[in-house]
Amino acid sequence: MIKVIHKAINILEYLSTKPEGETLSAIAAHIGEKTTTVSNIVQVLAKRNYLERSDGKWTLGIGAYMLTGASHRYDRALCSKAEPILQRLAAQTAAEAVLSVWRGQERFVLLRASDKSSVTVNHNYPESKTVFHTATGMILLAEQTPAVIDAYIAENGIPGILQPTEDAVRQFRLSLEAYRRDGCYQREKGDIFEAAVSVHDSMGNLYAAIGIFLPLFRAQNKNGLIQSLRSAANELQAGISDRL
């Protein structure tokens, strides 16, 4: 077991020097192990979001960046575009604004901005047990395929119900579909108002979500808050499209 841990760390350390990614065979050659052995370790690391695969190559996943408190380095281009947008959104709405992404059936926060115009990276990993706890989590889930949504419900139930009835699940799916069509989710949760909108790339694929939350007594103009939120998402979406 200890040897396997060392091998996993060797893989992570090696890939931390390869931002462009590396093939499985190259990883195996570098650490001096059989490809089958490395494949098994890599699959476990990928399941935990510590590695990701794209175009046949493995790179560090979002979990590795979150673990080190460097979430803004996971997608530097996205965070660079989003930082000033989040700052303005937080100042306009007197709220805390967040930028979140969906990876491996989890929601991850990359950036946070306060109404005092400060931006920080997220240090909590994971932040909550399910995506039901947050507005960005809900809109990100709503944008997933039916198969992904069904798998998530099977594992986590639905909000407030771990063993829901078929009718409850059907109603929840219908709610998610409504959020997806609108591209927005909002709710009052105790004395907090929170809302989130989805952000897509130029091909219409889900890219991220922007959310805000603030004390309910300061959310008198909810329509205005949603409008500011949508404007921020549109600005970020345009920036994403420009770089793709």
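The values are calculated or read from the model by the stated rules, or taken from the named source; none is laboratory data. Everything quoted here is computed from the prediction, not taken from an experiment. FYI the Cβ positions are ideal-geometry reconstructions off the backbone, even for glycines, and counts take in every protein chain you see.
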Practice problem: Look through the stretch 138-167, keep the residues that are within 30 Å of residue 219 (Cα to Cα) and hydrophobic (A, V, I, L, M, F, W, C), and return whichever of them is surrounded by the fewest Cβ atoms within 10 Å (Cβ to Cβ). | Solution: 161
Quiz item: Considering the stretch 55-74 alone, what residues qualify as being polar (S, T, N, Q) and at pLDDT 85 or above?
Solution: 59
Exercise. Filter the strands (runs of 3 or more DSSP E) completely within the stretch 121-218 down to those with at least 2 residues that are of a type in the set (A, V, I, L, M, F, W, C).
Key: 192-200, 206-215
Quiz item: Looking only at the stretch 187-222, which residues are surrounded by fewer than 17 Cβ atoms within 10 Å (Cβ to Cβ), more than 27 Å from residue 240 (Cβ to Cβ) and not aromatic (Phe, Trp, Tyr)?
Solution: 188, 189, 190, 191, 192, 215, 216, 218, 220, 221
Quiz prompt | Of all residues making up the stretch 168-186, the number that are exposed (fewer than 12 other Cβ atoms within 10 Å of the Cβ) and in contact with a strand residue (DSSP E or B) (Cβ under 7 Å, 6 or more places away or on another chain) | solution = 0
Practice problem: Check the stretch 64-73 and report whether any residue there is over 20 Å from residue 134 (Cβ atoms), hydroxyl-bearing (Ser, Thr, Tyr) and over 20 Å from the mean Cα position of the chain (by Cα). | Solution: no
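Conditions tested, residue by residue: (1) in the same structural domain as residue 209 (by TED's automatic domain parsing); (2) crowded, with 21+ Cβ neighbours inside 10 Å; (3) touching a Pro at 6+ places or on another chain (Cβ under 7 Å).
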{"position": "50", "(1), (2), (3)": "no, yes, no"}
{"position": "76", "(1), (2), (3)": "yes, no, no"}
{"position": "80", "(1), (2), (3)": "yes, no, no"}
{"position": "92", "(1), (2), (3)": "yes, no, no"}
{"position": "98", "(1), (2), (3)": "yes, yes, no"}
Quiz prompt | The one condition in (1) at pLDDT 85 or above; (2) surrounded by fewer than 24 Cβ atoms within 10 Å (Cβ to Cβ) that residue 115 fails to fulfil | solution = (1)
Practice problem: Only residues that are part of a strand (DSSP E or B) and either touching a Phe, Trp or Tyr at 6+ places or on another chain (Cβ under 8 Å) or within 12 Å of residue 7 (Cα to Cα) (or both): list them for the stretch 40-58, please. | Solution: 51, 52
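Quick grid of which residues meet (1) more than 16 Å from residue 110 (Cα to Cα); (2) free of Cβ contacts under 8 Å to residues at least 40 places away in the same chain:
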{"position": "191", "(1), (2)": "yes, yes"}
{"position": "196", "(1), (2)": "no, no"}
{"position": "205", "(1), (2)": "yes, yes"}
{"position": "209", "(1), (2)": "no, no"}
{"position": "216", "(1), (2)": "yes, yes"}
{"position": "220", "(1), (2)": "yes, yes"}
{"position": "225", "(1), (2)": "yes, no"}
{"position": "230", "(1), (2)": "yes, no"}
{"position": "240", "(1), (2)": "no, no"}
